[in-house]
Each structure stands twice: as C-alpha cells, then as structure tokens.
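This report refers to the structure that appears directly beneath it.
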Protein chains: 2
Amino acid sequence: MSIITLELHSNSAKPLYQQLYEHIKSEILLGKLPTNYKLPSIRQLSSHLECSRNTVKTAYQQLDAEGYIEARPRSGYYVCKIEGIVTIEKESSLSYKKEEKHQVYRYDFTYHGVDQESFPFSTWRKITKDVINEYDTELLQPGHPAGCPELRTSIADYLRTSRGVDCRPDQIIISSGTEYLLQILIQLFSENYVYAIENPGYEKINLIFRSNRVKYKAVPLDASGMQIKPLLESNANAAIVTPSHQFPSGTIMPADRRIQLINWANAEKSRYIIEDDYDGEFRYHGRPIPSLHSLDKGGKVIYIGAFSKSLAPTIRISYMVLPKRLMKLYFDKLSFYVCPVPVFEQKVLSRFIRDGYFERHLNRMRKIYREKRSNLVSCINKLLPAAKIKGANAGLHLILEVDNGMSEDELIESAKNMGTRVFGYSQYYFSEDKANKDKVPRLLLGFSSIRNEDIPKAVETLRKAWFIY
Amino acid sequence: MSIITLELHSNSAKPLYQQLYEHIKSEILLGKLPTNYKLPSIRQLSSHLECSRNTVKTAYQQLDAEGYIEARPRSGYYVCKIEGIVTIEKESSLSYKKEEKHQVYRYDFTYHGVDQESFPFSTWRKITKDVINEYDTELLQPGHPAGCPELRTSIADYLRTSRGVDCRPDQIIISSGTEYLLQILIQLFSENYVYAIENPGYEKINLIFRSNRVKYKAVPLDASGMQIKPLLESNANAAIVTPSHQFPSGTIMPADRRIQLINWANAEKSRYIIEDDYDGEFRYHGRPIPSLHSLDKGGKVIYIGAFSKSLAPTIRISYMVLPKRLMKLYFDKLSFYVCPVPVFEQKVLSRFIRDGYFERHLNRMRKIYREKRSNLVSCINKLLPAAKIKGANAGLHLILEVDNGMSEDELIESAKNMGTRVFGYSQYYFSEDKANKDKVPRLLLGFSSIRNEDIPKAVETLRKAWFIY
C-alpha cells in the first residue's frame with residue numbers, strides 16, 4: 001500500500017482525482033507498479049489518502065478507460081501489461097531557422113503587395129457585416145468542393161467581360177493561392193507529365209514542382225516569351241506561361257506567339273497550356289490585353305487568376321478555369337478535396353464583385369498604378385538617364401538595365417546601403433541557367449506598394465548609389 | 001480598302017474603337033488580312049467608316065500592343081506574321097458528372113457535420129465584427145507562412161491544458177483541413193517513405209495518398225487499434241493513427257498499444273507517428289483521453305487537430321504540431337507555401353479561443369453530445385435489443401452489429417426505404433481487404449447532426465426496417 005502515497009493538494013487548480021490519476025499513471029509508466037499488481041481497493045486507498053471514495057473511483061475509472069489498469073470481476077483493479085517505453089535520446093532543443101528578421105527599408109520597390117492605402121476597407125467591412133448578419137447556419141453547411149456557386153458565377157461574369165475568358169461557372173475551381181491550384185493540376189495529370197516553365201520565371205513555380213516531385217523543364221524566353229523550339233524539344237506536356245505580363249521580364253506576349261503556343265498544344269491530345277494571369281488587369285495604354293484563353297477553341301488552356309494583385313495578397317482566393325474534359329476528370333478523381341477557402345470569405349468576395357465594387361476598385365487602382373508608373377518612369381528618365389526601362393507597359397513592376405560597370409550584386413547592395421530595396425533579375429533564372437547572367441545587369445522594381453510621393457526620393461537614392469561615387 | 005468594312009454601332013454598349021479592333025483582329029485570325037498587308041491610314045479609314053480618327057487610332061494601338069499589327073516608321077501599319085490556328089475538333093459539350101443530387105433523408109445518422117443549432121453564432125458574429133472594426137491595414141499584410149502567431153499561441157495553450165500536448169507556438173502549422181496538412185508532410189518526408197494507414201480507416205486518407213502518388217500500406221486493426229506485427233512487416237516509415245477514437249471502429253487505443261507504437265517509432269530514426277485527433281475532445285465518462293503525443297519524449301509524434309468537429313466543418317482551420325527537427329526542415333524546404341487560411345479568420349478564431357469561448361463551447365457540446373449519445377444508446381437497447389453497440393465511449397459515432405440475417409447492403413437499403421440513413425462498415429476497408437467483410441454486418445451511426453428529439457423516431461424506423469418484416 002505504501003507504494004501509492006502522495007500528498008493531495010485540495011487547494012490546487014487540479015482536481016484531486018486528477019492528481020491521483022497522474023501519480024498512478026506515472027508510477028506504472030516508470031515500472032514502479034508492475035504488471036498484474038493488484039491496486040488497493042477504493043475504500044482502502046481513500047482512507048489511506050484521506051480523500052473521498054469518489055476521488056479514487058474517478059481516478060481508477062480514468063486509468064481503466066486508458067488501459068493502464070483493468071477491473072477484474074469480484075476481485076479488484078490490476079495493472080495491465082504495459083511495455084516500458086524504450087527511451088531514446090530526448091529531443092534536443094534543436095534550434096531551427098528563426099523567422100528571418102525583416103530588414104526595414106526606407107524605400108521598398110517590392111513586387112509583392114498592393115497599394116494598401118487604396119483598399120476599399122469601409123466597403124469590405126460593410127459587406128462583411130452584411131454577410132455575417134444575413135446568414136447564419138448556412139455558413140455552417142459544408143460548401144461545394146469546388147467553391148461557392150455564387151462566387152463562381154461572379155467570377156465567370158467578370159472573366160467574360162474583362163478578360164475575354166468564356167466559361168461556365170461550373171468550370172471554375174476556387175482555391176487558396178496559385179500553389180494550391182497547381183497541386184490540383186499535378187494530381188489531375190498523369191504522373192509522367194513534364195511541365196515547361198518560363199526561364200527566367202516566378203521563383204515559386206520552381207519550388208512547387210520540385211517539392212511535388214514532378215518533372216519540369218525550364219524553357220528559355222526570347223523577346224516574345226516562351227520559345228517554341230526548346231518547348232518542343234523539352235517534351236513537355238504542359239506549359240506554364242504568363243502572357244499578359246511575363247514575370248520577371250515584363251514582356252506582353254504578342255499574338256503570333258500566343259497562336260504558336262496554342263498550335264503546340266493542339267498538336268497532341270495530352271498537351272495543355274496553363275495561363276497564369278497574375279496581374280493581367282493592369283495595362284497602361286488602351287484596354288487590357290485579352291487572355292490567351294480567349295483565343296483557345298479546343299479546350300487546351302487552363303486559366304489561373306487570383307485576387308492577390310487586384311485586391312490584396314491576404315485575400316487568399318484564387319481560381320482556375322478548367323476545360324470541360326479536365327473538369328470531368330477533376331470531379332471523378334479529386335472532388336474529395338474540400339475547398340480551402342471559408343464559405344464566409346467566398347460570400348463576401350462574391351458580393352463585392354456582384355455589386356460592382358470590384359470593377360470600380362480595379363478602375364481606381366488602374367489610375368493609381370498608372371500614376372505611380374509614370375511617376376517612376378519619368379523620375380528614372382530624369383535622374384537615371386543612362387538606365388534603360390523595359391516591360392513597363394503592363395503589370396506592377398518594370399525592369400531596369402543599368403550599365404555603369406557595377407555588377408548586379410553591387411547595384412543591389414549599394415541601393416540597400418542607401419535604404420532602398422531593388423531586386424536582382426538573375427535570381428529568376430532556374431538552376432541550369434544561373435550562370436547565364438545578363439551582360440548588362442538588370443533590376444526589377446515593383447511600384448505597387450511604394451507611396452507615390454516617395455518615388456522621386458527613392459529614385460534619387462538610386463542615383464546617388466549608382467551614378468555618383 | 002473594301003476589305004475593312006463594317007457597320008459601327010454607336011448605340012452599342014461596346015465602344016466604337018472596340019468594335020473596329022475586334023473586327024480587324026478576327027479578319028487577321030481568319031487569314032483574310034494577310035501578313036504584311038498594309039492597313040489603310042488612320043485618316044483614310046476614319047473617313048471610310050465615318051468615325052473619328054481617335055476611334056481608328058485607338059483600335060490600331062490596341063492591335064499593335066497585342067502584336068496583330070505593327071507600325072513601321074514613316075510608312076504606316078502592317079499586319080504581322082501570324083500563324084493560322086491549327087483547328088482541332090472544337091471541344092465538345094462533354095457532359096461531366098453533375099453534382100450528385102442530395103438524397104434527402106428524414107433521419108440522417110451522418111458522421112459528418114456538427115449540431116448546428118448549438119453553434120455560438122451570436123458570439124462568433126460579435127467577434128467577427130470586433131475584428132473587422134479594430135483591424136484594418138493589418139489584415140492586408142501578408143501573414144506568417146505557418147499561420148498567425150496569436151492563433152498559434154491560443155492553440156498551444158489549449159493543447160497543453162486540454163489534450164496534454166506540450167508544444168511551443170512555433171511548432172504549430174495552421175492549414176485548411178487535414179488533407180492539406182498531410183500534403184505538407186508528404187512533401188516534407190523523403191519520396192521513398194511508406195505510410196501505414198489503419199484498415200479499416202477514414203476513406204479520405206486512402207484517396208489523399210493515392211492521388212499524391214506515395215506508397216502506403218493498409219495495416220489491420222485488432223481490438224486495441226493498429227497491430228504492431230503487420231506494421232513492422234509493412235516497412236512503413238510513418239503510421240497514421242486515430243488513437244482517441246479510431247475511425248470507424250470507435251476503439252480507444254489502450255496505453256499498452258500506445259507505448260508499443262512509440263517504441264516502434266523510437267526504433268528507427270526515420271519513423272514517425274501521425275496522430276489524427278479528429279474528435280478527441282469528446283469523451284463521455286471521465287476526462288478526455290490524453291493524446292498519444294503526451295507520451296512521446298523523443299519528438300516522434302506529429303499531432304494533427306482540427307476545428308471541424310469541435311466547432312463546425314466550415315471553419316476550415318486545422319493545425320499540426322511538428323517535432324522540432326521537422327519544423328526546421330519545414331522552414332528550410334516548404335515555407336514558401338503561404339498559409340491558406342485568411343488572416344481575418346485566424347484572428348477571429350484566435351480571439352474566440354483566447355477569450356474562453358471555445359472552452360465553454362466544448363463543455364456545452366460535450367453535454368449535448370453526451371445526451372444524444374445516451375439517448376441513442378438507450379433507444380437502441382430498448383428498440384433493437386438484438387443489436388450490439390460498440391465504440392460508443394468517445395467521439396461522435398458508434399458502431400452497431402446487427403445479426404438478423406440481412407446483409408449490410410440490405411440493412412442500409414431497408415433503412416433508406418424508411419427514410420433513415422446509416423452507413424455500412426465494410427466501405428472503410430481498403431482495397432486489399434474489401435472481400436474480408438465482417439460475418440455479422442456492422443453499421444456506423446453518427447449522432448452529431450441528428451436532432452435529439454428525432455433519435456427515438458429514427459431508431460423506431462430501424463426497428464421496423466430490420467426486425468419487423
């Protein structure tokens with residue numbers, strides 16, 4: 001009996017029965033109470049520990065339920081056979097990579113992010129409240145695996161009028177970020193598929209394919225975008241392109257290359273084009289360029305869109321338009337995946353589009369970004385006349401060629417020392433081509449997040465960093 | 001000149017320049033305007049079409065930007081070389097699997113869903129409004145890739161006090177549903193990993209591994225859960241188990257088997273246990289069973305939790321606790337994935353937990369589910385005395401063995417004819433074992449969604465369907 005002795009603290013936050021339960025459990029795990037050891041009866045132990053019978057009974061029942069002890073009829077409680085835990089070295093306090101400290105720049109030409117001051121917060125707030133007031137249990141029903149029907153309808157309407165994408169709402173799959181949509185496609189297509197990606201291109205695409213262990217080939221660009229001959233030689237089944245405003249070069253893919261790509265896809269049944277229209281809404285002369293999808297008559301283009309550039313990166317809603325035959329495959333194979341976007345968020349966005357706020361917001365943002373862009377372009381022309389601007393006709397970044405004798409790293413570093421962040425172009429080349437650095441260093445400057453009034457000052461720091469020593 | 005002739009409709013919603021742009025573009029694509037064809041000058045065409053010069057100029061500029069025509073200095077606009085589109089058969093109106101029509105049952109023993117009437121909607125609504133009022137641009141900042149720090153802190157606190165899981169907030173990764181967490185693990189582990197899954201088990205696990213093309217072995221259960229000998233023979237590196245309330249059998253894994261599993265994992269460096277604690281919050285006698293994670297000292301257990309059972313399936317927030325060495329690997333390899341849950345939703349949930357509402361809600365739900373469960377058990381004992389109940393000590397479903405001479409299919413079908421839905425147990429066996437049907441048919445009855453007052457009537461329909469012919 002002496003073996004079960006502990007001091008019960010009645011003024012502890014832990015109930016007495018739990019203190020007893022934990023004590024006995026630990027004695028069993030440490031082997032101090034051996035297999036088949038008969039525990040004292042409830043009456044004995046309660047008088048020994050000076051506690052109520054209920055305390056002991058509850059502790060025993062918990063231990064019984066968890067399989068540490070068992071009740072044998074008309075005999076009492078016995079310790080079960082429990083293997084000792086084979087201890088291995090206790091997990092060391094491995095220090096893992098801390099979240100990187102955010103370097104704070106005075107002027108940041110990041111290409112992530114949007115103009116935050118312009119987000120229509122009061123409208124968004126109002127719609128959020130309306131949705132939470134009007135719906136209740138409906139928001140608790142499991143949603144459609146491909147996304148809320150009303151959001152898919154709103155997106156289909158928007159795509160038809162604004163991006164030339166002709167699709168039915170039931171061809172749209174809603175998800176959370178391009179990376180999740182690409183993972184759906186990877187699982188939809190055969191495991192032998194080879195993916196052609198643009199080189200240089202968006203760094204994440206590379207990471208997604210690598211970490212999903214699929215074959216991919218980096219296909220070089222020319223002035224029109226992805227080149228057809230190396231694409232053919234890559235034996236790729238699917239090509240991922242950004243025709244509206246290639247990332248990072250800023251090239252708008254001309255009609256001829258678009259049609260060559262579509263012809264490439266039409267030549268083999270298995271081939272598809274994945275059009276990532278990541279900032280296709282923003283063009284600064286004339287109408288936005290219609291999507292590649294709008295030229296496709298054979299169901300060969302998968303269109304991917306998102307709201308991260310047109311609204312905000314935290315609106316984690318993206319979507320893709322699948323050709324009908326892929327949609328059938330999706331429903332057969334993958335509809336067990338639940339749409340990761342909460343129904344609530346989908347309803348808010350759907351109403352935001354349906355009631356015309358999205359269109360208005362886009363028009364407003366086009367104006368704001370047009371101003372920032374022309375401010376940036378004219379500051380560069382004035383203050384950095386030796387630098388060449390490329391890819392500035394659309395999207396939210398431009399490319400600067402700087403031929404002052406400094407290397408790309410030196411350009412970035414000297415700008416950083418002046419408190420200004422710019423991005424090196426060479427990092428967007430994929431492994432095979434990393435060596436193939438441009439002879440004249442190129443830099444990427446995003447202008448969506450930086451404040452318009454800061455642009456002249458920011459370009460002035462670049463002038464000091466690069467042209468006055 | 002006659003080649004560019006169309007009627008411009010000034011009362012159309014489409015601007016004149018766009019009508020002209022679309023006409024010329026289609027003529028080029030149809031090959032009616034050949035390569036190097038010189039377009040009429042802006043002045044000529046505007047007078048021919050009786051429209052303003054600006055209309056023609058804007059249309060030409062758009063066509064130029066898209067690469068259909070090009071301006072040659074001091075000469076005019078020419079049609080670019082554009083390959084004809086090689087037409088393939090137009091995508092047929094393939095009919096794809098329509099969303100399955102939802103069969104409506106009078107009484108539904110589904111194991112999906114929760115008791116909707118009990119969701120604390122007014123509190124949730126209030127917190128939603130508070131969050132949207134208090135935050136603004138902060139909600140637009142890109143969040144931490146592993147999830148909002150405050151939500152991870154709230155979850156860590158909850159896990160420590162309620163599930164015996166001792167972890168730091170920075171070991172937690174927030175995602176949207178168990179399927180997304182498993183995909184992270186698949187990408188984190190070597191591609192040669194073999195996964196052991198419970199057989200019978202949750203149907204989705206099978207689908208996730210299959211569609212991600214990884215090796216998995218279905219390991220049979222005994223009365224304590226996953227069996228160790230076949231687990232060893234499977235050469236698995238990771239075992240996915242549901243120790244708190246095995247799905248579908250309802251078994252609570254006893255201490256001895258838990259320790260055997262941990263010893264199995266400790267025996268090889270590569271081995272891990274993935275503990276899916278999908279409804280571990282609900283136990284009907286004594287305290288909830290502590291997690292398997294709470295016994296692990298060597299960093300071998302990955303704990304997965306979700307709010308789909310404890311709050312609502314539409315709260316698409318789940319999380320996992322990674323051992324420190326895996327967390328390091330995650331940050332090195334996979335932190336490019338952005339957390340799919342909107343920051344807004346994370347803040348609402350975090351506050352819901354922090355302010356004690358979650359704990360209160362759980363206590364309330366335990367009471368409600370305990371009542372439903374005991375109502376169901378006593379109705380079965382009274383009305384279906386020949387049926388045997390299993391796995392009813394925890395979770396939100398129980399198993400019924402019905403030995404009346406009918407097959408499983410006949411039992412389900414006859415219940416369906418009475419308007420009541422029950423689930424056949426054999427469907428949860430994975431392929432190799434599908435044949436191995438139980439001799440006595442077993443059915444799965446969930447009781448989370450059905451209304452308490454409907455339970456007696458529902459069981460009465462089962463009596464009529466199964467025991468009175």
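Just a few scattered comments:
- Residue within region B:383-400 that is assigned to a helix (DSSP H, G or I) and in contact with a Phe, Trp or Tyr (Cβ under 7 Å, 6 or more places away or on another chain) present: no
- Residue match in region A:414-427 (condition: touching a Gly at 6+ places or on another chain (Cβ under 7 Å), open to solvent by less than 60 Å² (accessible area, probe 1.4 Å), outside the structural domain of A:ASN206 (by TED's automatic domain parsing) and at pLDDT below 95): no
- Residue in region B:193-205 that is touching a strand residue (DSSP E or B) at 6+ places or on another chain (Cβ under 8 Å), at pLDDT below 95 and more than 28 Å from A:ALA65 (Cβ to Cβ) present: no
- Pairs, first on the phi < 0 side of the Ramachandran plot in region B:199-211, second assigned to a helix (DSSP H, G or I) and open to solvent by 50 Å² or more (accessible area, probe 1.4 Å), C-beta under 9 Å, six or more apart: B:ASN199/B:GLU432; B:PRO200/B:GLN427; B:GLU203/B:GLN427; B:ASN206/B:SER431; B:LEU207/A:LYS333; B:SER211/A:LYS333
- For region B:320-338, a residue qualifies if it is open to solvent by less than 30 Å² (accessible area, probe 1.4 Å), more than 7 Å from every other protein chain (Cβ to nearest Cβ) and over 24 Å from A:SER175 (Cβ atoms), and the qualifying residues are B:VAL321, B:LEU326.
- Counting only residues that are more than 9 Å from every other protein chain (Cβ to nearest Cβ) and over 26 Å from A:SER448 (Cβ atoms), region A:116-130 holds 1 of them.
- Among the candidates A:VAL301, A:VAL341, residue that is among the β-branched types (Val, Ile, Thr) and at the interface with another protein chain (Cβ under 10 Å from one of its Cβ atoms): A:VAL341
- For the condition at positive phi, free of Cβ contacts under 8 Å to residues at least 12 places away in the same chain, among the small types (Gly, Ala, Ser) and away from chain A (no Cβ under 14 Å), B:GLY405 qualifies.
- Listed by position, the strands (runs of 3 or more DSSP E) enclosed by region B:152-263 that each have at least 2 residues that are open to solvent by 30 Å² or more (accessible area, probe 1.4 Å), more than 14 Å from every other protein chain (Cβ to nearest Cβ) and out of contact with any Pro (no Cβ under 7 Å at 6 or more places or on another chain) are B:215-222.
- For region B:139-146, the criterion of being at pLDDT 90 or above, in the same structural domain as B:LEU349 (by TED's automatic domain parsing) and touching a helix residue (DSSP H, G or I) at 6+ places or on another chain (Cβ under 6 Å) is met by none of the residues.
- If you filter region A:270-296 down to residues that are at the interface with chain B (Cβ under 9 Å from one of its Cβ atoms) and among the basic types (Lys, Arg), you find that the one that is least open to solvent (accessible area, probe 1.4 Å) is A:ARG283.
- Comparison of A:HIS48, A:HIS23, A:HIS9 shows that the only residue that is surrounded by 15 or more Cβ atoms within 10 Å (Cβ to Cβ) and away from chain B (no Cβ under 14 Å) is A:HIS23.
- Condition check for A:LEU349: buried (at least 19 other Cβ atoms within 10 Å of the Cβ), within 26 Å of A:PHE247 (Cβ to Cβ) and either in the same structural domain as A:LYS129 (by TED's automatic domain parsing) or not hydrophobic (A, V, I, L, M, F, W, C) (or both): yes
- Any chance A:GLU268 is closer than 30 Å to B:GLU179 by Cα, of a type in the set (D, E, K, R) and in the same structural domain as A:TYR319 (by TED's automatic domain parsing): no
- Matching residues in region A:297-319 - criterion: being open to solvent by 10 Å² or more (accessible area, probe 1.4 Å) and closer than 19 Å to A:LEU185 by Cα: A:ALA306, A:ARG316
- Counted residues, region A:283-319 - those being part of a loop (DSSP other than H, G, I, E, B), in contact with a Leu (Cβ under 9 Å, 6 or more places away or on another chain) and either within 25 Å of A:ARG370 (Cβ to Cβ) or hydrophobic (A, V, I, L, M, F, W, C) (or both): 10
- Extreme residue, farthest from B:SER41 (Cα to Cα), among residues of region B:58-70 that are free of Cβ contacts under 8 Å to residues at least 24 places away in the same chain and open to solvent by 20 Å² or more (accessible area, probe 1.4 Å): B:ALA65
- Selected residue (criterion: modelled with the highest pLDDT) from residues of region A:95-138 that are open to solvent by 70 Å² or more (accessible area, probe 1.4 Å), part of a helix (DSSP H, G or I) and more than 30 Å from A:ALA465 (Cβ to Cβ): A:LYS126
The values are calculated or read from the model by the stated rules, or taken from the named source; none is laboratory data. For clarity, every value in this text was computed on a predicted model and none was experimentally measured. In this analysis, Cβ positions are derived from the backbone assuming ideal geometry, glycine residues included, and neighbour counts consider all displayed protein chains. We work out accessible area using only protein heavy atoms, side chains counted, and drop any ligands, DNA or RNA first. Shrake-Rupley method; radii C 1.70, N 1.55, O 1.52, S 1.80 Å.
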